[in-house]
Amino acid sequence: MRLLTAIAAISALLTFTAHAEIRYEADTKIFRIDAGATSYVFGVNDMDELQQLYWGQKLADGDKFSTAHSNTGHAAFDLPSSTTPQEYAGWGAGLFEEPALKISFPDGNRDLVLHYVSHVIAGNMLTIHLKDIERDVTVDLKYAADAATGILGRSAVIENHTKQPLMIEQAAAATWTLPRGTDYTLDYLTGRWAGENQLQQEAVRPGLRVLESRRGSTGSQNAPWFAIERAHTNDQDSGDVWFGALAWSGSWRITIEQETLQQVRVTGGFNSFDFGYKLKPGEKLETPVFYGGYTHEGIGGASRLLHRFELASVLPQKPNPRPRPVLYNSWEATGFSVDEAGQMALAEQAASIGTERFVMDDGWFGQRKDDHAGLGDWYVNQQKFPHGLKPLIDKVRSLGMDFGLWVEPEMVNPDSDLYRKHPDWVLNFTGRPRTEGRNQLVLNLAREDVRQYVFDFLDKLLSENEIAFLKWDYNRNWSEPGWPAVAPDEQKQVYVKFTENLYSILRELRAKHPKVEIESCSGGGSRVDLGIMRYTDEVWPSDNTDPFDRLIIQDGFTYAYTPEVMMAWVTDSPNWANRRTTSLEYRFLSSMQGSLGIGANLKNWTPEDFATAKRLVEEYKQARETVQHGALYRLISPRGSEASVTESVSQDKSQAAVFAFLHSSQFGYPFPGLYLRGLDPKAEYKFHWISSQPEMPSPSDQLVHKTGQPDQASGEWWMSKGVDLMLRGDFQAAAFRLDRVGQ
Ligand code: DGJ
């Protein structure tokens, strides 16, 4: 065990070596990117195509590849353009696999064959210039290497240098090719409203597996993330894993394809369904970034790399996002019935338990009594707030909290002044019905006037009020995605321009109001991706706030996204979603696995509830840096198990926080032994209960507890001898911290 732990420590060190180097060897025409613990290699082959050669564990510096050679295939049915693993294949020359780029030219030609022309290496960035063999259409492939994690960010810029417009029918950011193998398991996330982020696992088989959203935004049916494990085992923390995430909040598509020669390719970018981007002479289209990474440390290692990458290189406060404040949100307590007195009373109660931010949710604006009216009219409702927002904001701030506000900028209710004035501002096809979802329509943000309106009202709101935080909601998906104001062959640009304008509004707001933080919410977790995370500090993973359902949603969530952004509220019991009853302690511990929020109706709390909450909020603050920025180990998965345990270890290994849950125990079996991971084996750690086991059911349990567990021991002890928790019963939970002593 000592040897294993030492090997794990060395490999962890290797992973954390910050190093990136991009080389081109002119004699063999080979590109090699070494970053973190990863090497990525491709070359220009005999056909002048870019051909992938290697992606995996970092190779020795002296290891040499010979020139790339295209695959001739094994039959006339498999042409070389198909069987050669191209870095970025145009649809042409007999490509049967998923193309990265498909273009239709005005003369009817749809053949596109991209050849290498030149390249530029600038620090951690590589740009490769490709051109069609005949037409003046170019593609700049971009590679950005992250030295710390080895994650590569890939994207493409397609440019029309011809004298005619052309139509892009399909455009990916990148194709990733895995080493040849037939024992791959695909991990991906599926979901729906109130049931987001369910981890799915299946063998990669011949043919095409599609993960996508056709909804105009990210969606929760699939997350734009994948991981592929070789020789899948139940060990979270060892084994080869290739993973990726697409940074795009519009319709997207990732395909996982095992082709004729059993090579596995992953292609991702704009969704090609209903896609058509007209590129006039001199214009260009830039794809989203598709991030990809590799680890030898299992699916757990893959998510730890992604978490570090998101914190250091994606989130708006990169490279050191400040830990999320503990917030209170009014939604589950008051629904739309917000008013000055009620919100002030809640704010006082929230402050008394140590909450740092008070967020007023839906209902404060326009004629908003319920979800039938008001969206689009962003003025303060005079009946509810006769003196405007100022008295409430002042009150919140005088209580030592900052103030946050809910908005849903991209939507409009037909029953609103905005819609009565601008019925043409929504997505629609002329003369066709406009399908409502939650009684609302989608504003066409691709329009410049709509973009300006949205920016202006938000800018005004933030300029006139001391608002520290916006909860930016988006409560339906698209229907009838027409844009009648532009020419028919330009209307489908809405799939790109809507999202680009959303990003530009967020970017400009942040630049003008740098202290304002933003949460991306979409009726729960329907707009979570690395694109929106560039502009938003946190996300709302699900409207489902049942603490047990949340364990599974949160487990799935963290495969792709860092716990820092995972807002989790403690709400009322029985929970509205499923009538499940749980203790306040259990609800807190479930939420403390992410960014803690309180969403309960505090008016109904007892003095004991306030005391419990105050104690646990304080405990959370002692561990939140570790939970939000640390390395996450899933000791026991909540999927298909009676128990669930996560451990977070701070980056400097000075603290670990462990959250353990038992949803039902049967036949008196003891709770599984917990063998911690990621600690410094030689350091001493002191044990501290965040929340102790609710009760010791029998004297013998107490004996085991007392004799089995020291107050202080080495990291080796906690990892090898482990911790015994005596959880029994239904919906029980406990949590503890280990704090390094003497350093
Ligand atoms: C959906 C969100 O997910 C909820 O938290 C809440 O903000 C409502 N919208 C308000 O309408």
_Single residue of the range 552-580 satisfying the filter (touching a strand residue (DSSP E or B) at 6+ places or on another chain (Cβ under 7 Å) and under 12 Å from Glu332 (Cβ atoms)) that is surrounded by the fewest Cβ atoms within 10 Å (Cβ to Cβ)_ = Trp569
*asked:* Given (1) more than 16 Å from the ligand (Cβ to nearest atom); (2) touching a strand residue (DSSP E or B) at 6+ places or on another chain (Cβ under 8 Å); (3) not aliphatic (A, V, I, L, M), identify the lone condition not met by Ser542.
replied: (1)
*Here is a list of conditions, (1) within 26 Å of Leu199 (Cβ to Cβ); (2) at pLDDT below 95; (3) in contact with a Pro (Cβ under 7 Å, 6 or more places away or on another chain); (4) of a type outside the set (Gly, Ala, Ser), and Arg728 meets all of them except one; can you say which number that is?*
(1)
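To keep it simple, each residue is scored yes or no on (1) in contact with a Leu (Cβ under 7 Å, 6 or more places away or on another chain); (2) closer than 15 Å to Tyr88 by Cβ; (3) in a strand (DSSP E or B).
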position	(1), (2), (3)
Thr233	no, no, no
Asp237	no, no, no
Trp242	yes, no, yes
Ala245	yes, no, yes
Gly250	no, no, no
Thr255	yes, yes, yes
Gln262	no, no, no
Arg265	no, yes, yes
Gly268	yes, yes, yes
*Condition test on Val338, is it closer than 18 Å to Tyr379 by Cα and not in a loop (DSSP other than H, G, I, E, B)?*
no
*Only one of (1) touching a strand residue (DSSP E or B) at 6+ places or on another chain (Cβ under 8 Å); (2) surrounded by fewer than 21 Cβ atoms within 10 Å (Cβ to Cβ) is not met by Leu79, so which one is it?*
(1)
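Go through the range 357-371 and give me each residue that's away from the ligand (no atom under 12 Å from the Cβ) and either touching a residue at least 60 places away in the same chain (Cβ under 8 Å) or crowded, with 18+ Cβ neighbours inside 10 Å (or both).
Going through the range 357-371, the residues away from the ligand (no atom under 12 Å from the Cβ) turn out to be 357-358, 366-367, 369.
Residues satisfying the conditions are Arg357, Phe358, Gly366.
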*Give the range 372-382 a look and list any residue that's over 16 Å from Pro414 (Cβ atoms) and touching a residue at least 40 places away in the same chain (Cβ under 8 Å), or say none.*
Trp378
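Return the residues of the range 446-476 that are basic (Lys, Arg), more than 16 Å from the ligand (Cβ to nearest atom) and farther than 19 Å from Val426 by Cβ; say none if nothing qualifies. Can you show your working first?
Within the range 446-476, the subset basic (Lys, Arg) is 447, 451, 460, 471, 476.
Applying the additional criterion that residues be more than 16 Å from the ligand (Cβ to nearest atom) yields 447, 451, 460.
Residue satisfying the conditions is Lys460 alone.
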_Any hit, the range 394-416, residues being touching a Pro at 6+ places or on another chain (Cβ under 8 Å), away from the ligand (no atom under 16 Å from the Cβ) and closer than 27 Å to Glu466 by Cβ_ = yes
*Do the conditions hold for Phe336, that is, is it within 16 Å of the ligand (Cβ to nearest atom) and more than 17 Å from Trp569 (Cβ to Cβ)?*
yes
*Only residues that are over 19 Å from Arg209 (Cα atoms) and surrounded by fewer than 19 Cβ atoms within 10 Å (Cβ to Cβ): list them for the range 86-110, please.*
Ala93, Gly94, Ser104, Phe105, Pro106, Asp107, Gly108, Asn109, Arg110
*Could you grab me the full set of residues in the range 541-571 that are assigned to a loop (DSSP other than H, G, I, E, B) and farther than 22 Å from Pro288 by Cβ?*
Ser542, Asp543, Asn544, Thr545, Asp546, Thr571
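Across the range 518-532, which residue is farthest from Ser213 (Cα to Cα) among those that are of a type outside the set (Gly, Ala, Ser) and crowded, with 24+ Cβ neighbours inside 10 Å? Walk me through it before giving the result.
So in the range 518-532, the residues of a type outside the set (Gly, Ala, Ser) come out as 518-519, 521, 527-530, 532.
Adding the requirement that they be crowded, with 24+ Cβ neighbours inside 10 Å leaves 519, 521, 527-530, 532.
Values: Glu519: 21, Cys521: 17, Arg527: 11, Val528: 12, Asp529: 12, Leu530: 15, Ile532: 15 Å.
Selected residue: Glu519.
Considering the range 511-539 alone, what residues qualify as being in a helix (DSSP H, G or I) and within 16 Å of the ligand (Cβ to nearest atom)?
The initial filter retains those residues of the range 511-539 that are in a helix (DSSP H, G or I), namely 511-512, 532-534.
Hit for the range 511-539 is Ile532, nothing else.
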_Where the second residue is among the hydrophobic types (A, V, I, L, M, F, W, C) and not in a strand (DSSP E or B) and the first is over 20 Å from Tyr495 (Cβ atoms) and lies in the range 172-185, which pairs have Cβ atoms under 6 Å and are six or more apart or on separate chains?_
Thr175/Ala100; Asp183/Ala231; Tyr184/Val204
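The values are calculated or read from the model by the stated rules, or taken from the named source; none is laboratory data. Keep in mind the model is a prediction, meaning the values are calculated, not measured. Note that each Cβ is placed from the backbone with ideal geometry, even for glycine, and that neighbours are counted across all protein chains shown.
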